[in-house]
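Working notes for the structure below.
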Amino acid sequence: MPWWDAESHADRRPLLLLRGRIKAALRGFFDGQGFTEVECGILGVSPGNEAHLHAFGTEALLPDGSRQQLYLHTSPEFSAKKLLAAGEAKIFEFARVFRNRERGRLHAPEFTMLEWYRAGEDYRAVIADTLALLKLAAEISGRPLTWLERRCNVFAEPQWLTVGEALRIHAGIELLDTLSPDGIGNRDMLATRARRAGFAITEQDGWSYIFSKVLAASVEPRLGIGQPTILYEYPRCEAALARPKPGDGRVSERFELYACGVELANGFGELTDPVEQRARFVAEMDEKEKIHGERYPLDEDFLAALAQMPPASGVALGFDRLVMLASGAPDIGHVLWTPL
C-alpha cells in the first residue's frame with residue numbers, strides 16, 4: 001500500500017510520533033550544551049567532493065536570463081564550516097540532505113542528517129556527544145536499539161576499535177603497512193592480502209575500492225552488536241575532510257559509530273589547511289571522473305573560509321537511521337513522514 005493510505009499511515013504513525021519525541025530530546029541536549037541551532041542553505045555551487053558521493057543537480061535562472069549550475073547539498077558541512085569561520089563556536093542542525101544513487105533499507109535519496117560542530121575541541125568530545133545521543137534515543141523509546149535480529153545496548157561500555165585492528169580481527173588483513181608514511185595506499189599489496197582472505201579482486205579495483213569492499217563485507221556487519229562500536233583512525237586517504245593523526249600521518253582523526261551493524265555517525269577532527277584540502281578534493285574528483293565519468297566543481301568560498309576557520313571537531317549523524325533502530329523498524333521508509 002502507498003504510505004498515504006490511511007491503514008498504512010496508521011501502522012507507521014506510532015513510529016513517526018516517536019521520531020518527534022526523539023528529535024525534541026536531542027534538540028534539548030544541544031540547547032543544554034549551549035549550542036546554537038542553524039539553518040544552512042540547501043543549494044550550493046558544489047555538493048561535496050568525495051569520489052563516491054552522487055548529487056542531485058539543478059540550474060538557477062539568473063535575472064539576465066543566464067543559467068548557473070547548482071546542486072542540492074549532500075551535507076551542510078561546507079556552509080557549517082563557513083559559519084565557524086565567521087565566529088560561531090557550537091552549532092547544530094537537523095539538515096535535509098540529498099544523495100543520488102542511494103536507496104534501500106538503510107538509504108533514502110532525501111533524508112535528515114543531524115550535524116554539529118565544536119570549535120576548539122578534540123574529536124573525542126563529539127564522540128562523547130554521539131554516545132550521549134544514542135542513550136537519549138533509547139531512553140525515549142524504552143527499548144534497546146534493534147535492527148532485524150541484531151541488538152545493541154547503548155548503556156553498555158562502548159567498544160573502541162581502530163580500523164587497522166578491525167580489519168585484522170574480522171578480515172584477517174593487516175592494513176596499516178599497505179599505507180605510506182603520508183597515507184597513500186599500496187594497491188597491489190592490499191589486493192594480494194584481500195585475495196588471500198577470499199575476496200574476488202579485479203585488476204581495475206583500486207586501493208580505496210578494495211578497502212571499502214572488505215570493510216562492508218567483513219567488518220561493518222560485526223560492529224555494534226551488543227554494545228556500540230567506535231571505529232576510529234581511518235586511513236588518511238579515506239578521510240578527505242579530516243586532519244591527520246598527530247605522530248602518524250598514515251591515519252586520520254576520523255571515526256564512525258556503529259550500532260546493530262549499522263553506521264550511524266561519521267565524524268572528524270576537522271582539516272583546516274586549505275592547500276591540503278584543495279589537493280585532496282582534486283584527487284577525489286580525479287578518481288570520480290575515472291570511475292563515474294563526472295566531477296563536481298570546488299567551492300572556492302569554502303576553501304577560502306578554511307584559512308580563518310578555528311580548529312574544530314564535527315559529526316554527521318543519520319537521524320532517520322537512529323529513529324529506525326530506536327523504534328525497531330525494519331527499514332528507513334517506516335520512519336519517514338513522506339517517503340519518496
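Normalised by 2.2 N^0.38 Å, where N counts its residues, the alpha-carbon radius of gyration of the range 9-110 equals 1.33. For the pair residue 188 and residue 37, label points projected 7 Å from Cα toward Cβ lie 5.6 nm apart.
Figure the gain on full extension for residue 248 and residue 159 (residue separation times 0.36 nm, minus the Cα-Cα span) and round it to one decimal in nm.
Separation in residues times 0.36 nm, less the Cα-Cα distance, equals 29.8 nm.
With r as the distance between the Cβ atoms of residue 340 and residue 304 and R0 = 25 Å, compute the FRET efficiency 1/(1 + (r/R0)^6) and round to 0.05. Approximately 0.10, to the nearest 0.05. Among 133, 147, 167, whose Cα projects farthest towards the positive end of the dipole of the range 129-238, with charges put on the beta-carbon of Lys, Arg (+1) and Asp, Glu (-1)? Highest projection toward the positive end goes to 147. Size of the dipole of the chain about the Cα centre, Lys and Arg at +1 and Asp and Glu at -1 on the beta carbon, nothing else charged, in debye to 20? Its charge dipole is roughly 860 debye.
Between residue 68 and residue 331, the contour length at 0.36 nm per residue exceeds the Cα-Cα span by 91.0 nm.
What is the range 49-149's relative contact order, in percent, from Cα pairs under 8 angstrom and six or more apart in sequence? Intermediate results must be reported in sequence, preceding the final value.
Values: 106 pairs, mean separation 20.6, N = 101.
Relative contact order, the range 49-149: 20 percent.
For the pair residue 8 and residue 143, a Förster radius of 25 Å applied to the C-beta separation gives a FRET efficiency near 0.65, rounded to the nearest 0.05.
What label, among (1) 0.96; (2) 0.99; (3) 1.04, belongs to Rg/Rh (Cα atoms, Kirkwood Rh) computed from the structure on display? Checked against the structure: label (1).
Amide H contacts under 5 Å for residue 243: 253, 269, 270, 271, restricted to partners 5 or more places along the chain or on a different chain, H placed in the peptide plane at 1.01 Å from N.
Working note: Karplus 6.51/-1.76/1.60 with θ = phi - 60° gives the range 149-158 the couplings 9, 9, 10, 9, 8, 6, 8, 6, 4, x Hz, where Gly and Pro are set to x.
Express in nm, to one decimal, how much length is gained between residue 86 and residue 176 on full extension, taking 0.36 nm for each residue of separation and deducting their alpha carbon distance. Extending this stretch completely gives an extra 28.7 nm. Taken as Cα centroids, the range 268-303 and the range 56-131 sit 16 Å apart, rounded to the nearest whole angstrom. Largest first and in whole Å, the equivalent-ellipsoid semi-axes of the range 75-234 read 30, 22, 17, each the square root of five times a Cα gyration tensor eigenvalue. For residue 213, the lysines whose Cα falls under 25 Å of its own Cα, not counting residues fewer than eight places away in the same chain, are 245, 288, 290.
Readers should treat all values here as calculations from the given coordinates under stated rules, not as data from a laboratory. Nothing here was measured: the structure is a model prediction, and the numbers come from that model. Note: ideal-geometry Cβ built from the backbone for every residue, glycine included; neighbour counts use all protein chains shown.
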